[in-house]
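Student: I'd like to ask you about the structure that follows.
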Amino acid sequence: MEIIFNPMGFLEHTAIWVKGEVLHGKVMTLLGMVLLLCCFFIWRNGNELLKGMLIPILLVVLITVGFGTMLMTTRPKHLQKLVIASRTNQREVFEKERARAFKNQNAYSKYYIAWAIVLMGGLIFFFLTNRLYCKGLALGILFLAISALIIDTLMHERSKTYYHAIETMN
């Protein structure tokens with residue numbers, strides 16, 4: 001007796017994942033805009049410590065606004081593509097998405113290692129320097145690494161939930 005594959009459950013899980021990704025993108029974009037406003041006031045302030053933090057904070061703005069916008073635009077398109085493709089070959093679409101989710105799921109450990117190295121570099125730089133601008137730069141690097149770790153952890157948890165839902169369907 002052959003088990004009949006039901007793609008509707010798979011597409012429902014994907015829609016839930018996409019909804020979470022889009023919300024995450026909106027929050028990231030909003031936070032990036034708030035940080036951009038903060039950068040304007042830091043630039044106007046003139047404090048050396050704060051000016052040192054400006055470049056890393058601008059990188060956080062670039063990451064949050066860029067990646068947040070990307071999440072809001074590409075994830076719904078991805079879902080739409082899956083819905084259209086599943087009309088012709090449901091099982092193949094499911095297997096490809098499962099493989100993509102598995103690959104995505106396993107990539108986060110590399111991101112954690114990279115951001116932990118950046119974090120350690122920022123800490124070392126902070127303690128090795130005496131200039132206020134350089135201390136600010138080091139603090140900005142720490143802010144960048146911590147922000148990226150938070151973003152990746154939230155995305156990893158959603159990815160884990162999605163992958164687990166797909167995996168249990170098989």
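The values are calculated or read from the model by the stated rules, or taken from the named source; none is laboratory data. Quantities reported herein were computed from a predicted structural model and do not represent experimental measurements. The area values use the complete protein model at the heavy-atom level, side chains included, leaving out ligands, DNA and RNA. Shrake-Rupley method; radii C 1.70, N 1.55, O 1.52, S 1.80 Å.
Student: Going by accessible area, probe 1.4 Å, with all protein chains left in place, what is the ranking of Leu71, Leu50, Leu36, Leu11, largest first? Could you put the intermediate results ahead of the total?
Tutor: Working: Leu71 0, Leu50 55, Leu36 80, Leu11 20 Å².
Highest to lowest solvent-accessible surface, that is Leu36, Leu50, Leu11, Leu71.
Student: Take Glu97, Glu167 and sort them by solvent-accessible surface of the protein heavy atoms, 1.4 Å probe, largest at the top. The partial results should precede the final answer.
Tutor: Numbers: Glu97 5, Glu167 70 Å².
Correct descending sequence by accessible area is Glu167, Glu97.
Student: Here is a follow-up. In the structure shown, do any of Lys26/Lys103; Lys19/Lys103; Lys26/Lys110; Lys51/Lys160; Lys26/Lys135; Lys19/Lys51 have a Cα-Cα gap over 30 Å, and if so which?
Tutor: Long pairs (Cα-Cα over 30 Å): Lys51/Lys160; Lys26/Lys135; Lys19/Lys51.
Student: May I ask you to compute the full-extension gain from Leu62 to Ile150, defined as 0.36 nm times their residue separation minus their alpha-carbon distance, rounded to one decimal in nm?
Tutor: On the way: separation 88, 0.36 × 88 = 31.68 nm, distance 1.57 nm.
That pair, Leu62 and Ile150, stretches by 30.1 nm at full extension.
Student: Hey, can you find the accessible area per residue of the chain for me, probe 1.4 Å, expressed in square angstrom? Walk me through the numbers on the way to the answer.
Tutor: Working: 10460 Å² over 170 residues.
Computed with neighbouring chains in place, this is 62 Å² per residue.
Student: For Cα Rg over 2.2 N^0.38 Å, which listed value, [x] 1.39; [y] 1.03; [z] 1.32, comes from the coordinates shown?
Tutor: Label of the calculated value: [z].
Student: Would you mind telling me the share, in percent, of accessible area of segment 7-168 contributed by carbon and sulfur at probe 1.4 angstrom?
Tutor: 72
Student: Then there is this: What figure in square angstrom, to the nearest 10, would you give for the accessible area of Leu31 with a 1.4 Å probe?
Tutor: 100
Student: By how many degrees, 0 to 90 and rounded to 10, does the Cα axis of helix 90-128 deviate from the longest principal axis of the chain?
Tutor: That works out to roughly 10 degrees.
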